[in-house]
Every structure is written in structure tokens, then in C-alpha cells.
Amino acid sequence: MCGIVLGVWGIIHLGLMGLFYFIESEALIESMGIELPTDMEEKEYKDLVTERYTQSALNCWFAGGLYVLLLALSLCQFFTNRAIKSHEKAKEEEMKKLKRQGKERKEESGKRKHKDKKTVNQGWGDEGN
């Protein structure tokens, strides 16, 4: 379950971060470590910033894709474990049912033997008279 929550959170978080990098949000410029160079023209600097924003957006989306894989594996594991537990529970219930039936048969068999013993003993008592 933890992997599912983590996968969903990672997809949303990194998807939005990638979107904000892609639209070149000014709040994220410091996270890219670009300093204002003195020897660059304005157009070159804008191209460098755009390139870095685009690369950061792609990195976020790539990492988000890895979280999609994590989510898929976690969901697969979750449903597999759920099916196994369900199967084991059904197996346990079947075993309990069989044990209960076995006890009932044993009790019936014991009652019959006891009844047969009484009949035999009574029959022997009659022959002696």
C-alpha cells in the first residue's frame, strides 16, 4: 500500500514540477544554478536558460515515469497478495468444514458403536436366562 501512495504522490509531484519547468516558472530559476554571466549576450543567456528549463522539465517527467513503473509494480503486488490471501482464507474455511464433518462422522460412529454394544450386551443377557 505504501508503494501505491508513494507512486501516486511521485507522479503528481514530478508531473507538476516538470510542467512548471516547461513553462519556465521564475520561482524555479534558482534551483538550476545559473548565474548571470558577464561575457554573454542577452540572447545567448536566454537560450541557455530555456535549454536548462527544458532539460529540467524532461528530467522531472522521466523521474515521474519511473514512479509510474513503481505504481504499476505496487498495484500488481497488492492485487497478487490480495488474491493469495483470499485463496488461503477459502482453503482454511474448507479445512474447517472438513474437520467439522469429520468430527460429526466420528461422533455418529461412536454413538452407533455404543448403541451396538448395548444391543449385543442385552442380547447376551437374554440367552443366559
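Determine if the stretch 56-66 includes at least one residue that is modelled with pLDDT of 90 or more, of a type in the set (Phe, Trp, Tyr) and assigned to a helix (DSSP H, G or I).
Yes, that holds for at least one residue.
Would you be able to say whether some residue in the stretch 51-58 is more than 30 Å from Phe79 (Cβ to Cβ) and without any contact (Cβ under 8 Å) to a residue 12 or more places away in the chain? Walk me through how you get there before you give the answer.
Kept after step one, since they are more than 30 Å from Phe79 (Cβ to Cβ), are these residues of the stretch 51-58: 51-58.
Narrowing the set further to residues that are without any contact (Cβ under 8 Å) to a residue 12 or more places away in the chain leaves 51, 55.
The answer is yes, given that some residue of the stretch 51-58 is more than 30 Å from Phe79 (Cβ to Cβ) and without any contact (Cβ under 8 Å) to a residue 12 or more places away in the chain.
Scan the stretch 3-15 and give yes if some residue there is out of contact with any helix residue (DSSP H, G or I) (no Cβ under 8 Å at 6 or more places or on another chain) and more than 30 Å from Ser74 (Cβ to Cβ), otherwise no.
The answer is no; no qualifying residue exists.
Go through the stretch 42-55 and count every residue that is among the β-branched types (Val, Ile, Thr) and either more than 17 Å from Leu14 (Cα to Cα) or part of a loop (DSSP other than H, G, I, E, B) (or both). Explain how you work it out, then say what you get.
Here is the first cut: in the stretch 42-55, the residues among the β-branched types (Val, Ile, Thr) are 49-50, 54.
From what's left, either more than 17 Å from Leu14 (Cα to Cα) or part of a loop (DSSP other than H, G, I, E, B) (or both): 49-50.
Looking only at that region, the number is 2.
Would you pick out the residues in the stretch 56-85 that are in contact with a Phe, Trp or Tyr (Cβ under 8 Å, 6 or more places away or on another chain), small (Gly, Ala, Ser) and closer than 14 Å to Ile11 by Cα?
Selection gives Ala57 alone.
Hey, can you tell me all the residues within the stretch 1-31 that are part of a helix (DSSP H, G or I) and exposed (fewer than 10 other Cβ atoms within 10 Å of the Cβ)?
Cys2, Glu26, Ala27, Glu30
Can you find even one residue in the stretch 32-41 that is surrounded by 13 or more Cβ atoms within 10 Å (Cβ to Cβ), part of a helix (DSSP H, G or I) and more than 14 Å from the chain's Cα centre (by Cα)?
Scanning the stretch 32-41 turns up at least one residue that is surrounded by 13 or more Cβ atoms within 10 Å (Cβ to Cβ), part of a helix (DSSP H, G or I) and more than 14 Å from the chain's Cα centre (by Cα).
Starting from residues that are aliphatic (A, V, I, L, M) and within 30 Å of Ile23 (Cβ to Cβ), keep the ones in the stretch 61-83 and report whichever is surrounded by the most Cβ atoms within 10 Å (Cβ to Cβ).
Ranking the candidates gives Leu71 first.
The values are calculated or read from the model by the stated rules, or taken from the named source; none is laboratory data. Small disclaimer: the values here were computed from a predicted structure and weren't measured. For neighbour counting, all protein chains shown are included, and Cβ atoms are generated from backbone atoms with ideal geometry for every residue, glycine included.
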